[in-house]
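Below is one structure, written out as structure tokens; comments come after it.
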Amino acid sequence: MRNARISRKTKETTIEVTVEVDGEGVSDSKTGVGFLDHMLDSFATHSLTDIRVRAKGDLQHHIVEDVALALGAALSSALGDRAGIVRFGSAVIPMDDSLALVAVDLVKRPYASVQLGLERVVVEDAPREDLEHFFVSLITSLGSTVHVKVLDGKNDHHRYEAAVKGLAVAFRNAAAYDSRRPRKTPSSKGKM
């Protein structure tokens, strides 16, 4: 079972995240930020990762950032040494008018290239800068190389949701077990 529980407590936030990578896509997220909860539900559904999040904090920005850091840390912990996984995953995801391209390498070297093309200052109840920062914080904490490019779309809600769904599917593909390489490190270096 690839699961983990991360608690993150600072002067600004208290975050509890539990993940089961080999789950059924069940989400139980209560962050106080409606759009963030919606996106966590979407990530769980399409990655087939069970996710439970509880978050409280002083400011919405701190909650969004610390949820991303805790979620990334939980996913990384659940993957362990990452031996026996496919390692690479990608997805091209349409969401109504939007189209997102996401590529993931679970290599343990954090790098985030995120181009969402959001135009509105606020999407639903979340500032654009917080939403953009969510991706970078999650990717960095996950310790992976991820490229997210939203290629088309006029509706910012759809653009962001396509990106989240793309990340979910690409993560699911990359984290899958590789039957041809069980328990072996998927790297020519011999180490992730």
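Side notes on the structure shown:
- So residue 128, is it among the basic types (Lys, Arg) and surrounded by fewer than 23 Cβ atoms within 10 Å (Cβ to Cβ): yes
- Of all the criteria given as (1) within 27 Å of residue 24 (Cα to Cα); (2) assigned to a strand (DSSP E or B); (3) in contact with a strand residue (DSSP E or B) (Cβ under 6 Å, 6 or more places away or on another chain), the one not satisfied by residue 159 is (2).
- Residues (small (Gly, Ala, Ser) and either free of Cβ contacts under 8 Å to residues at least 40 places away in the same chain or under 15 Å from residue 39 (Cα atoms) (or both)) located in the range 180-192: 188, 190
- The condition of being of a type outside the set (Asp, Glu), under 25 Å from residue 24 (Cα atoms), at pLDDT below 95 and surrounded by fewer than 22 Cβ atoms within 10 Å (Cβ to Cβ) holds for only one of 78, 83, that being 83.
- Looking only at residues of the range 69-125 that are assigned to a loop (DSSP other than H, G, I, E, B) and touching a Gly at 6+ places or on another chain (Cβ under 6 Å), we find that the one that is farthest from residue 19 (Cα to Cα) is 97.
Rundown of residues vs (1) in contact (Cβ under 8 Å) with a residue 60 or more places away in the chain; (2) of a type in the set (Gly, Ala, Ser), yes/no style:
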position	(1), (2)
114	no, no
130	yes, no
145	no, no
149	no, no
160	yes, no
170	yes, yes
174	yes, yes
178	yes, no
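- Pick from the range 40-67, criterion part of a helix (DSSP H, G or I), of a type outside the set (Gly, Ala, Ser) and crowded, with 19+ Cβ neighbours inside 10 Å, ranking: farthest from the chain's Cα centre (by Cα): 63
- Residue 21 being under 22 Å from residue 130 (Cα atoms) and buried (at least 19 other Cβ atoms within 10 Å of the Cβ): no
- Checklist (1) within 12 Å of the chain's Cα centre (by Cα); (2) farther than 18 Å from residue 44 by Cα applied to residue 152, failing item: (1)
- Among the residues of this structure, residue 107 counts as one that is in contact (Cβ under 8 Å) with a residue 12 or more places away in the chain, buried (at least 16 other Cβ atoms within 10 Å of the Cβ), out of contact with any helix residue (DSSP H, G or I) (no Cβ under 8 Å at 6 or more places or on another chain) and closer than 28 Å to residue 78 by Cα.
- Condition met for residue 130 (of a type in the set (D, E, K, R) and within 17 Å of the chain's Cα centre (by Cα)): yes
The values are calculated or read from the model by the stated rules, or taken from the named source; none is laboratory data. Everything numeric here is computed off the predicted structure, so don't read it as measured data. Note that we place each Cβ from the backbone using ideal geometry, even for glycine, and neighbour counts take in every protein chain shown.
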